[in-house]
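The next block holds one structure in the form of structure tokens; read it before the comments.
The values are calculated or read from the model by the stated rules, or taken from the named source; none is laboratory data. Keep in mind the model is a prediction, meaning the values are calculated, not measured. Here Cβ is always computed from backbone atoms with ideal geometry, including for glycine, and neighbour counts include all displayed protein chains.
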Amino acid sequence: MSAPLLELNEVTMQFGGLKCVSELSLKIDEGELVGLIGPNGAGKTTAFNMITGVYRPTLGAITFAGKSVVGHRPYKITARGIARTFQNIRLFSSLTVFDNVRTACNMHLRHGILYALTRGPKFAEEETEIEKRVVELLDIFGLAGERDSLCKSLPYGDQRRLEIVRALATRPKLLLLDEPAAGMNPTEKVELMKLIRFTQEKFGCAVLLVEHDMKVVMGICQRINVLDYGRKIAEGTPAEIRANPKVIAAYLGKEEHDA
Amino acid sequence: MGGRSKLVLILVLVASAIASHILSGGAEPHIPALNPYYYDVLIGIGINIILASGLNLVNGYTGQFSLGHAGFMAAGAYASSWLTLSYGYVLGVGSWATTTAFLIALMLGGIVAALAGLIVGVPSLRLKGDYLAIVTLGFNEIIKGVIQNADAVGAQRGLGGMVQHTTFFWTFAFAAITVYVVVSLVNSTYGRGFLAVRDDEIAAEAMGINTTKYKVLAFVLGAFFAGIAGGLYAHYKQFIHPEGFNFMKSVDVVVMVILGGMGSTAGVCVAAVLLTILPELLRYVAHIESLPEWLRHVAENRMIIYSLLLIILMLTRPQGLFGAVNLKKKRA
């Protein structure tokens, strides 16, 4: 078997006396759709922040495509092929839908500042290329009609979708989605599930999904990891997780036997 | 898209060359045909456009808060003056030689200011908002303090004796170049990085944008143009003094940026024009004989009226004069 795309090896994140994540090990293979669940405060977003370089883990190793990403700045990690969305939407609020996605193409630019200033044919060629790519992406996700609207004027569900589009514009090998279903109604959630599966198939990228909504997670993930108080308590297929007593205990509390 | 803005730049350059020729009365380039007072105001407008659109890149587009723009202007003014005063003769005395020497001096001024901008750009990586404003303000005072104690450039006596090289043409040529650079940068995919840093730094990093590079670049470019503006100013007024580059001068430029609308180059240029003319206009009103005595007295307190107008404008249009223009354009 080939090496996993992303591997976390006994990663610990400690803030002062508080261990948010302890000895977390996790593997994601290429093209796999993996869920990461756990009750509030279990350390899911912290795990995300460590993978994307926002935090530097206190201990442990994170390797992506065979190379360590620990200690790298977030933009470099993105350039290596990990893109993410945010739990509370972080779009570039003063920019249009088109520009939000265009900005994510920034790192693929072959030409630098001088080309932007001299505006020669090469510059025009590259800008047209980027425009084509952005429009294509927006089209796939049904946002082409909103191309020139300000992103903050979009409905909530569209904003979530736009975040995914923006992340995909960086051409990731691994897409991290942080609670994409938060605040969505049941219809939107069904749409979202389709969208995530579609993304995984169409763009061939692996997806790590943090989500509270069990229907979404159980519905689309191939494998699920469960965190509780920063520790991994279970791993397996949706069916296995559903039946795991530890998971049930973490979510519902332990059964108490009355006398 | 690329061709049009370049064409506009060339047109503006040609227009200012012609205007400069007419204004200067042709053969004698440094004796303007126009009333020297108006000429002075025009040059002031050009210099302020350079200062304000350069600062707009830092404060408006990149969302940093610099309060030290006059410091960069001072660095450029003194560096270029030092060069023309010490080595201005090296290339000879002909008009081409002195003009070349002047342009080299302007570039040196810009580069020295850009280096200063690089130094200030570094704390901007760790500080935000008010804290960054205080650091840049402090840096402005440091530059001023260094000049006040540098005997080689006249210290507290000021520095004079520069030849008046700055003409209408050079002022507006550099103003046009500054505006062109800022506009073509922020409208390119490369330059959208500045706006991304302003809107959300964490998201910008996550989208593969090196926020450090963009912040420092904004400071360096803004400072470079402030240095050019300083060089133009020094070679127009022919006398510079450290007190001319104090905190109040920085505030003047910040006011232009805020009033014009952060991140709107058109607005900032209009504000630069208005705020250069307004105090002079009030001065003029105070001397119109036919106006009633009390009105002239009121107009005499022009700085108070100027401040009041600013307050009223900010209360009625907090987004600045042209704050919404760019947004509307995007929707069209």
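In segment B:172-212, the residue that is surrounded by the fewest Cβ atoms within 10 Å (Cβ to Cβ) out of those that are without any contact (Cβ under 8 Å) to a residue 12 or more places away in the chain and more than 7 Å from chain A (Cβ to nearest Cβ) is B:201.
Which of the residues spanning segment A:55-82 are hydroxyl-bearing (Ser, Thr, Tyr), surrounded by 14 or more Cβ atoms within 10 Å (Cβ to Cβ) and over 19 Å from residue A:167 (Cα atoms)? Result: A:55, A:58, A:63. Residues that are within 30 Å of residue B:63 (Cα to Cα) and surrounded by fewer than 21 Cβ atoms within 10 Å (Cβ to Cβ) do occur in segment B:89-109.
Look through segment B:30-75, keep the residues that are part of a loop (DSSP other than H, G, I, E, B) and either among the hydrophobic types (A, V, I, L, M, F, W, C) or touching a strand residue (DSSP E or B) at 6+ places or on another chain (Cβ under 6 Å) (or both), and return whichever of them is farthest from residue B:266 (Cα to Cα). Only one residue tops the list, namely B:31. Checking segment B:159-172 against the condition returns a match, with at least one residue being outside any helix (DSSP H, G or I), of a type in the set (Gly, Ala, Ser) and closer than 30 Å to residue B:38 by Cβ. Residue count for segment A:100-127 under the criterion of being more than 22 Å from residue B:8 (Cβ to Cβ), buried (at least 18 other Cβ atoms within 10 Å of the Cβ) and not small (Gly, Ala, Ser): the result is 8.
Can you work out which of the residues in segment A:79-116 that are assigned to a strand (DSSP E or B) and not polar (S, T, N, Q) is nearest to the other protein chains (Cβ to nearest Cβ)?
Checked segment A:79-116; the qualifying residue nearest to the other protein chains (Cβ to nearest Cβ) is A:84.
Scanning segment B:300-316 for residues that are surrounded by 13 or more Cβ atoms within 10 Å (Cβ to Cβ) and either touching a Pro at 6+ places or on another chain (Cβ under 9 Å) or in contact (Cβ under 8 Å) with a residue 12 or more places away in the chain (or both) gives B:300, B:302, B:305, B:306, B:309, B:310, B:313, B:314.
Among the residues of segment A:138-158, is there at least one that is within 12 Å of chain B (Cβ to nearest Cβ) and in a strand (DSSP E or B)? Yes, some residue in segment A:138-158 is within 12 Å of chain B (Cβ to nearest Cβ) and in a strand (DSSP E or B).
Scan segment A:58-78 for residues that are of a type outside the set (A, V, I, L, M, F, W, C), under 18 Å from the mean Cα position of the chain (by Cα) and more than 14 Å from every other protein chain (Cβ to nearest Cβ) and jot them down. Scanning segment A:58-78 gives a single hit, A:63. Contact annotation: residue pairs with Cβ atoms under 7 Å, 6 or more positions apart or on different chains, pairing a residue in segment B:273-297 that is within 16 Å of residue B:252 (Cβ to Cβ) with a partner that is part of a helix (DSSP H, G or I) and of a type in the set (Ser, Thr, Tyr), are B:278/B:306; B:279/B:306; B:282/B:306. Just to be sure, is residue A:11 farther than 22 Å from residue A:180 by Cα and either within 14 Å of chain B (Cβ to nearest Cβ) or surrounded by 19 or more Cβ atoms within 10 Å (Cβ to Cβ) (or both)? For residue A:11, the condition - farther than 22 Å from residue A:180 by Cα and either within 14 Å of chain B (Cβ to nearest Cβ) or surrounded by 19 or more Cβ atoms within 10 Å (Cβ to Cβ) (or both) - is met. Counting only residues that are surrounded by 17 or more Cβ atoms within 10 Å (Cβ to Cβ) and among the small types (Gly, Ala, Ser), segment B:139-171 holds 1 of them. Candidates are the residues of segment A:118-127 that are modelled with pLDDT of 85 or more and at the interface with another protein chain (Cβ under 7 Å from one of its Cβ atoms); the one that is nearest to residue A:74 (Cα to Cα) is A:127.
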